[in-house]
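Asks: Submitted below is the structure of interest, expressed as structure tokens.
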Amino acid sequence: MPISIPMELKEFISGRTAWVATADSSGQPNVAPKGTLKVIDDQTLAFADLFSVKTRQALEENGKISVAVIESGKPIGYQFKGTAELLNTGPLFEDFCENLKKAGMPAPAYVTKITVEEIYNLAPGPEAGKKIL
């Protein structure tokens, strides 16, 4: 069931590289950095699939996804778990295409839309790994 991402976490995500973890239907894991992660609304994140062959294949087989975002050089971070949907048409896809073109980047093969279902604390210490929502 989708949850609402708190405003402070939405602000935290902005401008940071995300590490996306997936697993295919056989359980083979994959992790990859994503520089285009953005908050779409209170329950949704998305990133562009520019060169994500293994990520895309895993999501086609198993839509579960985990996204880790940390602050470089500081012990602050969050993990967002949810279900992904691959989009290659529609307003969200077109928005990503337009923004990437303005940045001099290629159009994405897909946009991965993530419905956030859980959020965890990644900071070290006694709250490490604690489910926030």
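The values are calculated or read from the model by the stated rules, or taken from the named source; none is laboratory data. No experiment lies behind these values; they were computed from the predicted model shown. Cβ: placed from backbone, ideal geometry, glycine included. Neighbour counts: every protein chain shown.
Asks: Check Phe51 against each of (1) in contact with a Leu (Cβ under 9 Å, 6 or more places away or on another chain); (2) more than 21 Å from Ala123 (Cα to Cα); (3) at pLDDT below 95 and name the one condition it does not meet.
Replies: (1)
Asks: Having 2 or more residues that are touching a strand residue (DSSP E or B) at 6+ places or on another chain (Cβ under 6 Å), farther than 23 Å from Leu133 by Cβ and touching a residue at least 12 places away in the same chain (Cβ under 8 Å) is the bar; report the helices (runs of 4 or more DSSP H) wholly within segment 1-103 that clear it.
Replies: The qualifying helices (runs of 4 or more DSSP H) are 53-61, 91-102.
Asks: Sticking with this one: Select from segment 43-53 the residues that are surrounded by fewer than 18 Cβ atoms within 10 Å (Cβ to Cβ) and either in contact with a Lys or Arg (Cβ under 8 Å, 6 or more places away or on another chain) or closer than 13 Å to Ser14 by Cα (or both) and list them in ascending order.
Replies: Thr44
Asks: Determine whether Val31 is modelled with pLDDT of 95 or more and of a type outside the set (Ser, Thr, Tyr).
Replies: Yes, satisfied.
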